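Below is one structure; the comments refer to it alone.
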Amino acid sequence: MRILVTNDDGIHAPGLETLEGIARAISDDVWVVAPETDQSGVSHSLSLNDPLRLRQVAEKRFAVKGTPSDCVIMGVRHILKDHGPDLVLSGVNRGQNVAEDVTYSGTIAAAMEGTILNVRSIALSQAYGAGGRGAIKWNCAAEHGPGVVRKILDIGIEPGIVINVNFPDCEPGEVLGTAVAAQGFRNQALLAIDARHDGRGNPYFWLAFAKATFQPGNGTDLKAIAEKRISVTPLRLDLTDEPSLTRFAQGFAE
């Protein structure tokens, strides 16, 4: 199996090294094509007005000055054009990608791009807690990742489907199982603006997340990782809402 590995945290991210280990536990034909710099939160953007710069870092390892989606396209359509990948693995992201994170995440977008290019694709993320980015338990994803990926492949990924996997913030031995979960929803009141001033008194702003408690819904990815379970969520590229489609069709027919 030929595996294309990518991410949105950049070519030097520790999560990428973790994902390479997961991929190499499954296959000895692993290729890495990742962004030159951190591309977190760029979603499914493409570099349409800038050239893509490609740099070979090592054997089977490349950095692209572009977005995660750019990286997958470069990998499939250029670097591996004569023998394409059988699987795209994206991550392991620094932090969970659950609930509405799905719409912002470059990690998930890279997996979506792989799916668009007819390659089975899985996004993987590692949650972290109060310890912050300096205390991420990468060993949780590293230990459980190969088995989860193999199980997903055994079950099968249908065309047009992306699989989103999140590992909980705990040690590998503390994981209480795997939950096939729906995409959750947070209270977006948690999103805030952090207003500041620079040294010259000019205002500038950071997007921030206010700390508040909320109750994750049962059966959701949020609930799963809160309960120290690995969440597995199938996502559809087709965003059409069927009930609304029917309702609007009836409304316009009147």
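The values are calculated or read from the model by the stated rules, or taken from the named source; none is laboratory data. Quick caveat, the model's predicted, so the values are computed rather than measured. Every residue, glycine among them, receives a Cβ derived from its backbone with ideal geometry; neighbour counts consider all protein chains shown. Heavy atoms of the whole protein, side chains included, go into the accessibility calculation; ligands, DNA and RNA do not. Shrake-Rupley method; radii C 1.70, N 1.55, O 1.52, S 1.80 Å.
What fraction of the DSSP beta bridges in the chain is antiparallel, stated in percent and rounded to the nearest 5? Spell out each step's value before the answer.
Numbers: 18 of 45 bridges.
Roughly 40 percent of the beta bridges in the chain run antiparallel, per DSSP.
Look at (1) 0.97; (2) 0.94; (3) 1.00: the one that is Rg/Rh (Cα atoms, Kirkwood Rh) derived from this structure is (3). Only protein heavy atoms count here; on that basis, with a 1.4 Å probe, MET1 has an accessible area of about 90 Å². When we measure straight from the Cα of LYS151, which lysines land under 25 angstrom away, once same-chain ones fewer than 8 places off are left out? Those lysines meeting the cut-off are LYS137, LYS223, LYS228. Comparing ALA135, ALA13, ALA34 in a Gaussian network model of the chain, where Cα atoms under 10 Å apart are tied by springs, the biggest mean-square fluctuation is seen for ALA135. Summarised as an ellipsoid, region 158-206 has semi-axes of 39, 18, 12 Å, derived from the eigenvalues of the Cα gyration tensor scaled by 5 and square-rooted, with the largest first. Computed with a 1.4 Å probe on the full set of protein chains, the accessible area for LYS81 sits at about 130 Å².
The relative contact order of the chain comes to 17 percent, based on Cα pairs under 8 Å that sit 6 or more residues apart. When the Cα positions of THR67, ALA123, LEU80 are compared along the charge dipole of the chain, THR67 comes out farthest toward the positive end, with charges on each C-beta of Lys, Arg, Asp and Glu.
About its Cα centre, region 160-254 has a charge dipole of approximately 240 debye under the convention of +1 per Lys or Arg Cβ and -1 per Asp or Glu Cβ, with nothing else charged.
Please go through region 1-75 and write out the GluC sites (Glu not before Pro) that DSSP classes as loop and that have at most 15 other C-beta atoms within 10 Å. Let's see the in-between values first.
Values: sites: GLU17, GLU20, GLU36, GLU59; in loops: GLU36, GLU59.
Filter output for region 1-75: GLU59.
Remark: region 1-77 carries 45 Å² of accessible area per residue (probe radius 1.4 Å; ligands, DNA and RNA excluded). For ASP50, the solvent-accessible surface computed with a 1.4 Å probe is close to 100 Å², ligands and nucleic acids excluded. Between ALA195 and GLU254, the simple spin-label model (points 7 angstrom out along Cα→Cβ) gives 4.4 nm.
Which value results when the Cα radius of gyration for region 1-88 is divided by 2.2 N^0.38 Å? Spell out each step's value before the answer.
On the way: Rg = 12.0 Å, N = 88, 2.2 N^0.38 = 12.1 Å.
With N residues counted in region 1-88, Rg over 2.2 N^0.38 Å equals 1.00.
Assuming 0.692 mPa s and 37 °C, estimate D for region 78-181 with Stokes-Einstein, Rh taken as the Kirkwood radius over Cα pairs, in µm²/s.
Values: Rh = 14.4 Å.
After rounding, the answer is 228 µm²/s.
Taking amide H positions as modeled 1.01 Å from N, with prolines and chain starts lacking one, the residues under 5 Å from VAL32 and 5 or more places away or on another chain are VAL5, ARG61, PHE62. Scalar couplings 3J(HN,Hα) for region 107-118, obtained by applying the Karplus form with A = 6.51, B = -1.76, C = 1.60 to θ = phi - 60°, are 4, 5, 4, 4, 5, 4, 5, x, 5, 4, 8, 6 Hz; x denotes Gly and Pro. Adding -39500 (n - 2.57) for every DSSP H run of four residues or longer, then dividing by how many residues the chain holds, sets the calculated 222 nm ellipticity at -8000 deg cm²/dmol.
For the chain, with all protein chains present and a 1.4 Å probe, just round the carbon and sulfur fraction of the accessible area to a whole percent.
With neighbouring chains kept in place, the figure for the chain is 53 percent.
Under a 5 Å amide H cut-off, with hydrogens placed 1.01 Å from N, GLY10 pairs with GLN39 among residues at least 5 apart or on other chains.
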